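First up is the structure itself, then whatever we jot down about it.
Just so you know, all these numbers are worked out from the coordinates, no wet-lab data involved. Worth saying up front: this structure is predicted, and the values here are computed from it rather than measured. Ideal geometry is used to build each Cβ from the backbone, glycine not excepted, and the neighbour counts take in all protein chains shown.
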Amino acid sequence: MPAGTSATPTLRHQVERASRPLLLRLHSWPRPVLPVITVVLVLVGVLAPPILGLLALAVVALFVAWIGYLSWPAVSASGRVLRVAMVGLVVVLALSRL
């Protein structure tokens, strides 16, 4: 084992390893599918009754947060700001539905 590494996996490593099968499945989909699903969920979040809308927006917020967490080390500071802003925007939109 290289110096400076521990035998216990970090949270990041565990999340990356657990996410790998789902990421591979998402990667195999045609490129427009995921953005279309996201837009549909946001529209449902805005236009549907509050309970259904909140659930749809929660799915979008969790997905954006998950992808943001996984990509965090690989993006610049401006990319990080954009990811945090996107999660914040979806959360504010969800709170406005209450």
**Study point:** residue 24 being among the aliphatic types (A, V, I, L, M), assigned to a helix (DSSP H, G or I) and exposed (fewer than 13 other Cβ atoms within 10 Å of the Cβ)
**Key:** yes
Review point. What do you reckon, is residue 56 without any contact (Cβ under 8 Å) to a residue 60 or more places away in the chain, exposed (fewer than 11 other Cβ atoms within 10 Å of the Cβ), assigned to a helix (DSSP H, G or I) and under 15 Å from the mean Cα position of the chain (by Cα)?
Key: no
Study note, to complete from the structure: Going through region 38-53 in order, the residues found to be in a helix (DSSP H, G or I), surrounded by fewer than 17 Cβ atoms within 10 Å (Cβ to Cβ) and of a type outside the set (Val, Ile, Thr) are 43, 47, 50, 52
